[in-house]
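Structure first, then comments.
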Amino acid sequence: MKRIALIYCMLLMLGKASAQDPHFSQFFSSPLTLNPAFTGKFDGNYRIAGDYRNQWPTINNAFTTATASVDFHILKDRIPSNDAWGMGFMAYNDNSAAGAVNFNYATISTAYHKGLDEEGYHQISAGFQLTYANMLINTADLKFEDQLTSNGFTGITNEIFNNSTLKSNYVDLNAGILYNGSTTDRNNFYFGLSLYHITRPKQQFTGGYFALPSRATIHAGTYFPIGENNTLHLSALQSFQGGSTETLLGGAFQLVAKNDSEQPASVYVGSWIRLNDAIIPYIGLEFAGIRLGATYDINTSALKTATQGQGGFEISLIYINKSTDTKPLNCPKF
């Protein structure tokens with residue numbers, strides 16, 4: 001009974017710690033974790049995206065998160081030419097407590113993009129996403145401080161789990177809407193709203209269960225030309241979940257390094273800010289349909305003493321396979 005009570009208390013702390021979903025500083029490089037309506041929202045045949053984040057590495061690798069996704073267009077010949085229909089799949093892993101707590105997700109997404117004009121430069125999109133989630137707690141990897149008794153620190157604790165593994169799984173539903181528009185062939189603007197954990201699934205273990213709070217995100221972005229060849233990209237988001245909020249805003253300059261219509265190359269330099277938490281410098285490189293991005297969170301919150309000012313390293317990759325025989329369309333990039 002004592003062990004069950006201990007596990008219950010530990011899971012209560014884990015439930016509070018996970019009140020906010022894992023997040024990416026490069027939210028624009030992980031489209032399917034930002035808004036299901038981004039499924040198929042790109043100019044090309046298919047898109048492959050990946051992101052890896054190591055947050056607070058000085059605190060024993062507190063959180064490491066990775067995601068990989070692929071999305072593509074379907075039924076091109078059966079819908080109007082100014083519409084698009086996307087389908088996508090994503091795998092998602094999040095580790096915490098130096099790997100003792102492990103979340104794994106598998107999702108399938110779909111979104112329909114309805115053209116508001118004949119050319120398809122303005123679209124309204126709606127997307128849905130079904131997720132299967134699995135959580136494992138490997139108690140053999142849980143580390144506790146020495147127990148203090150009347151004889152001092154004993155070097156042992158009373159936590160005895162018999163090297164067991166606690167498991168929980170659930171099915172989840174997410175949805176989102178998105179507006180995207182362009183007025184010239186060199187600008188774009190978008191606004192979106194997404195809601196994750198609509199069904200508020202339960203994470204259930206020995207001793208009780210915890211309803212996962214819904215996450216609502218408002219996000220927007222734009223890009224427009226600066227000079228003859230260069231471009232300025234701006235984006236922001238506001239997220240709400242379980243009493244926690246996150247505000248991110250910033251932008252990057254796109255500097256054309258090779259002005260070739262068939263194989264253009266660009267360098268991106270910029271920064272985002274997570275209010276009351278971190279400054280996030282960004283550098284990126286784009287060529288042949290590939291965009292690589294890297295950020296490093298510089299922690300500015302009260303936690304900077306424990307993290308030694310280090311928030312987290314993140315790297316992203318997006319590849320879009322394009323056709324040379326189709327009319328290019330402007331789509332969100334950041």
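Annotations for the structure displayed:
- Within segment 167-200, the set of residues being surrounded by 19 or more Cβ atoms within 10 Å (Cβ to Cβ) and among the aromatic types (Phe, Trp, Tyr) comprises TYR190, TYR196.
- Exactly one residue among THR206, THR231 is in contact with a helix residue (DSSP H, G or I) (Cβ under 6 Å, 6 or more places away or on another chain) and either at pLDDT below 85 or of a type outside the set (D, E, K, R) (or both), and that residue is THR206.
- Pairs, first in a loop (DSSP other than H, G, I, E, B) in segment 118-135, second of a type in the set (A, V, I, L, M), C-beta under 7 Å, six or more apart: GLY120/LEU329; HIS122/LEU116
- Of the residues making up segment 221-247, those that are over 30 Å from ALA257 (Cβ atoms) and not in a strand (DSSP E or B) are GLY242, GLY243.
- Scanning segment 58-91 for residues that are over 16 Å from HIS113 (Cβ atoms), modelled with pLDDT of 90 or more and among the small types (Gly, Ala, Ser) gives ALA66, ALA68, SER69, ALA91.
- Residue check, ARG53 of a type outside the set (S, T, N, Q), buried (at least 20 other Cβ atoms within 10 Å of the Cβ) and modelled with pLDDT of 95 or more: no
- Failed item in (1) of a type outside the set (Ser, Thr, Tyr); (2) free of Cβ contacts under 8 Å to residues at least 60 places away in the same chain; (3) farther than 25 Å from GLY176 by Cα, with ALA252 passing the rest: (2)
- Test: residue in segment 155-164 that is surrounded by 13 or more Cβ atoms within 10 Å (Cβ to Cβ), at pLDDT below 95 and touching a strand residue (DSSP E or B) at 6+ places or on another chain (Cβ under 8 Å): no
- Summed over segment 69-86, residues that are surrounded by fewer than 17 Cβ atoms within 10 Å (Cβ to Cβ) and part of a strand (DSSP E or B) total 1.
- When residues in segment 1-50 are screened for being at pLDDT 65 or above and within 18 Å of the chain's Cα centre (by Cα), 26 of them pass.
- The listed residue being small (Gly, Ala, Ser), in contact with a strand residue (DSSP E or B) (Cβ under 9 Å, 6 or more places away or on another chain) and either within 21 Å of LYS41 (Cα to Cα) or without any contact (Cβ under 8 Å) to a residue 12 or more places away in the chain (or both), out of ALA211, ALA278, ALA265: ALA211
- Residue satisfying condition, being farther than 16 Å from LEU34 by Cβ and surrounded by 14 or more Cβ atoms within 10 Å (Cβ to Cβ), within set GLY227, GLY250, GLY221, GLY242: GLY242
The values are calculated or read from the model by the stated rules, or taken from the named source; none is laboratory data. Model, not experiment: these values are computed from the prediction. Cβ sites come from the backbone with ideal geometry, for glycine too, and all protein chains shown count toward neighbours.
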